[in-house]
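Rule-based calculations on the coordinates, nothing more; no lab input. Bear in mind that the values here come from a model prediction, so they are computed numbers and not experimental data. Please note: Cβ atoms are built from the backbone with ideal geometry, for glycine as well, and neighbour counts cover all protein chains shown.
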Number of protein chains: 2
Amino acid sequence: MNALRAFEAAARLGGFSKAAEELCVTPGAITQHIKALEEWVGVSLFERRSHGVRLTSAGQGLQPEFTAAFDRLGEAVHALKDVTDAPVVQIAALPSVAQLWLSSRLPRLRAENPQVQFSVTALEQPPNLLREMFDWSVFFDLPSDGPDEIILEEDVIFPVCAPEMAASLGGVNDLAQHTLLIDDTWADDWDLWAQEVGWDRSFTTANARFSLYALAVEEARNGAGVLMGHESLVRDDIETGRLVAPFGGRVKTGRALILTSTPRRRAMADSFVTFG
Amino acid sequence: MNALRAFEAAARLGGFSKAAEELCVTPGAITQHIKALEEWVGVSLFERRSHGVRLTSAGQGLQPEFTAAFDRLGEAVHALKDVTDAPVVQIAALPSVAQLWLSSRLPRLRAENPQVQFSVTALEQPPNLLREMFDWSVFFDLPSDGPDEIILEEDVIFPVCAPEMAASLGGVNDLAQHTLLIDDTWADDWDLWAQEVGWDRSFTTANARFSLYALAVEEARNGAGVLMGHESLVRDDIETGRLVAPFGGRVKTGRALILTSTPRRRAMADSFVTFG
DNA sequence: AATTGAATTTAGAAAAACTCAACCTCAGCC
DNA sequence: GGCTGAGGTTGAGTTTTTCTAAATTCAATT
C-alpha cells in the first residue's frame, strides 16, 4: 500500500527523486515500489527517459484520482490530530524566517491565544500542508494567489552592515574592499542585486559563506562584512541600529514571504496577520 | 499507516475481531494498531467494555471521515486495475453459488462478452466491493434494496432427493426413515423448514453433514439421503431429473440470491440479469 | 570523451507487522 | 457463587516488508 503513496508522490511531483524526498526515503525505494505496482497492474505507469521519468497516459489518468484520495486521507488524519483538547498550531518555516521573523512575533501570538500550543519547526522546503502534520508554513516563494496563501511582505533585498563599517562605504564600488557575507541557500542574491543596480560583481574580494542566514546576520552585526539583507529579516536590526543599509539599492526579488495555512487554522492565521 | 486502516475497519464494523477478519489478520494485530494510534493522538478512540468495544465520541466523529477517505482510495485502486487493456470482471460468490448457479450461466456470459475476462472466487462472506478487488458478488442475503443490489431470485427451500428414493417418501413423516443431508453453513435450514410445515424434527434419524453444499447435492443425487434444496441451486438437477422434490412444502427463507456490482460493472451486470 | 542528472539494481540491514498462546474481564447463567 | 464464553489484551518471537548503500546504467550535455 506504500506503493500507492509512492506512485502518487512521483506522479504529482514528476520524478522519483522528488517523491523520495517527500516521503523521506531513498530513490531506490521509490523505484522498487513503482516497479511492484507496475507488475501488479500489468501496465507501465512511467516512461523512463534519460533525465527522469514521464507519466504514461495510463499514469496521467490515474494521478488525479490518487492525489484526491490521499488528500482526503490527509484531511482525516488532520481531523484525528485535532480531537485532542488543547488546540495545537504547528508552524513550518525556513530556519532564517523562524529565527529572524517569527521569533519576535511569537510572544504576541501566544499572548493573544493563551489556550493554543504553538510549535515551530525549521525546514528547508515548504511542506505539503495537506499531507504533513503542519498547520502553517512561512516561506519565501513566488506568489501564486492561491486562496490558501497570505502574502506577508514582498521580498526586498539590499546590502546591510554594522554601523561602524558603513562609514567606509561611500558608494557601491567600495564594496570591493569588503568581505561579502553569503548565505548558501540564497547564494545568488548578490548576483541579482548586482545586476539590478548595475554593479560589476567580478571585482569582488573575499567571501564568507554560511549555511544559516541567521548566522550571517550575526556576523554582519559583528562587523565581519557586508550581507545581502532581506528586509523582512533585518528590519528589527535596522530599527534597533545594530545594522544599517549603507546605500539605497532596494531590489525586489519577485518572491514574497508567504504564510500558508490549512483551512482549519485559517481564521487564526488571518487574525495573526491582521493584528500582528 | 496500517493503523488508520485498522481504526477505520474497527470503527465501521464495530469490533476488533470483525476488523481483524476483514483485514485478514489476528485480533491482536488490531489491538496493537489501535493502541499505537491512541497513543499517537493522545485520545482514546474506543471504550473497552466487557463484550467488545464501543467508539468514544471522538472516534465516532472520526469514523465517517476515514471511511470516506478509504472508499475514495479504493475507487482509485479500482481505476488502477482498470487501465489494463483486457477488461476483467472478478466475481466473488459462495462456493455453492459458484458451482451450482454461476457455472451454468458463465458460458453464455462469456459468449456475450468475448473480450472480457471473467474469473470466479469462492468466498464464505460477501466482500466489501469498495475495498476488495472484486467487481461482482453473488450471495444469499437479506434484501436491503440498496441501489447496488440486483435481486436475482428469492431463496426458496424444499426437500429434494434422488428419484429412486422419492417412491419411499409418501409424506413428510416418512422423512424419519431417511438420512438428512445437512450443509454446515446452512445448518438450520431443516429447522426453519420443519417449523414452517409443522413437522416435528425431533424424530429425525441419522444426519450427514457437509462443509460444501455442492458435495451434499452430489450425495443427494447418489441417493445418500434427503437434502434441503435451495431452489436456485437445485433447479438444474430437477429439470434434468437427477433430483426430485418428493413433497411440496416450498418455504421462503426471507433471504434472496443477490448480485452486487461495483458502479463500473453495473451495466454489464444489468445485461447479464436481463438476458441471462 | 568526460560529465552530469536521474533511475536502477543488488544484497544486506532495519523496521514494521503479524502470529501465537496464555491471560484478562466482565455479563449472563445455571 | 462459581462457570462459561465472547471479545479484547499482552508480550515474546517470527515473518514480511521496506529501506539503505553503493555500484551501475543510460543518454543527453559539455
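Where does each of A:11-17, A:25-31 land if you order them by average Cβ count within 10 Å, highest first?
Packing order, densest peptide first, comes out as A:11-17, A:25-31.
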Original post:
Taking the Cβ of B:Asp184 as the center, what net charge do the other residues with Cβ under 12 Å away carry, scoring Lys and Arg +1 and Asp and Glu -1?
Top reply: -3
Original post:
Measuring from a point 7 Å out along Cα→Cβ, what nm distances, shortest first, does A:Ser168 have to its partners in the other copies?
Top reply: 12.0
**OP:** Starting with the highest mean, order A:148-154, B:223-229 by the number of other Cβ atoms within 10 Å, averaged over the residues of each peptide.
**Re:** B:223-229, A:148-154
Original post:
What full-extension length gain, to one decimal in nm, is calculated for A:Glu21 and A:Asp200 as 0.36 nm per residue of separation minus the Cα-Cα distance?
Top reply: 60.7 nm
**OP:** Indicate the gyration tensor shape class of the protein assembly as shown (rounded, prolate or oblate), computed on the Cα atoms with a ≥ b ≥ c the square roots of the eigenvalues: a/c under 1.5 is rounded; otherwise a/b larger than b/c is prolate and the rest oblate.
**Re:** prolate
Original post:
To the nearest whole number, what is the average tally of beta carbon atoms from other chains within 10 Å of the beta carbons of peptide B:59-66?
Top reply: 4
Subject >> In degrees, nearest ten, helix B:103-112 long axis to first principal axis of chain B (Cα) >> reply: 60 degrees
Subject >> Neighbour net charge for B:Gly28 - beta-carbon separation under 14 angstrom, K R +1, D E -1 >> reply: 0
Original post:
What does the average come to when, for each residue of peptide B:3-16, you count the partner chain Cβ atoms lying within 10 Å of its Cβ?
Top reply: 1
Subject >> Cβ-vector label at 7 Å, A:Asp85, separations to other copies in nm >> reply: 6.3
Original post:
Relative to the longest principal axis of chain A, what angle (0 to 90°, nearest 10) does the C-alpha long axis of helix A:2-13 take?
Top reply: 50 degrees
Original post:
In what order do A:Phe7, A:Phe134, B:Phe247, B:Phe139 fall by count of nearby beta-carbon atoms within 10 Å, going from fewest to most?
Top reply: B:Phe247, B:Phe139, A:Phe134, A:Phe7
Subject >> Global geometry of chain A, whether rounded, prolate or oblate, following the gyration tensor of its Cα atoms and the 1.5 cut on a/c >> reply: oblate
Subject >> Separation of alpha-carbon centers, the stretch B:1-43 and the stretch B:108-172, rounded to whole Å >> reply: 32 Å
Subject >> Choice from B:Asp135, B:Asp174, B:Asp184 with maximal GNM fluctuation in chain B (Cα, 10 Å cutoff) >> reply: B:Asp174
**OP:** Could you pull out every residue, at least 5 positions away or on a different chain, whose amide H is within less than 5 Å of the one on A:Phe118? Hs are placed 1.01 Å off N in the peptide plane, and Pro or chain starts have none.
**Re:** A:Val89
Original post:
Relative to the longest principal axis of chain B, what angle (0 to 90°, nearest 10) does the C-alpha long axis of helix B:27-41 take?
Top reply: 20 degrees
Original post:
So what is the 222 nm mean residue ellipticity for the protein assembly as shown from helices alone, if each DSSP H run of at least 4 adds -39500 (n - 2.57) and you divide by all residues, rounding to the nearest 500 deg cm²/dmol?
Top reply: -12000 deg cm²/dmol
**OP:** Past 30 Å, Cα to Cα, is the threshold; run A:Lys18/B:Lys81; A:Lys18/B:Lys35; A:Lys81/A:Lys252 against it and keep the listed order.
**Re:** A:Lys18/B:Lys35; A:Lys81/A:Lys252
Original post:
Spin-label point model (7 Å from Cα, Cβ direction): what's the B:Leu123 to A:Glu154 distance in nm?
Top reply: 6.1 nm
Subject >> Under 12 Å, Cβ to Cβ, from B:Leu259 - net charge with Lys/Arg +1 and Asp/Glu -1 >> reply: -3
Original post:
Using the beta-carbon distance between B:Arg54 and A:Arg235 and R0 = 56 Å, what value does 1/(1 + (r/R0)^6) give for FRET efficiency, to the nearest 0.05?
Top reply: 0.50
Subject >> Global form of the stretch A:13-58, assessed from the alpha-carbon gyration tensor, a/c cut-off 1.5 >> reply: oblate
Original post:
Can you list the residues, at least 5 places off or on another chain, whose amide H is less than 5 Å from the amide H of A:Asp155, using H built in the peptide plane?
Top reply: A:Thr253, A:Gly254, A:Arg255, A:Ala256, A:Leu257
Original post:
How many partner chain Cβ atoms sit within 10 Å of a residue's Cβ in peptide A:68-74, on average, as a whole number?
Top reply: 6
Original post:
Mind checking which of A:Phe46, A:Phe118, A:Phe70 has the largest fluctuation in a GNM of chain A, springs on alpha carbons under 10 Å?
Top reply: A:Phe46
Original post:
Shortest first and in nm to one decimal, what separations exist between A:Arg250 and its copies in the other chains, measuring from label points 7 Å along the Cα-to-beta-carbon line?
Top reply: 9.1
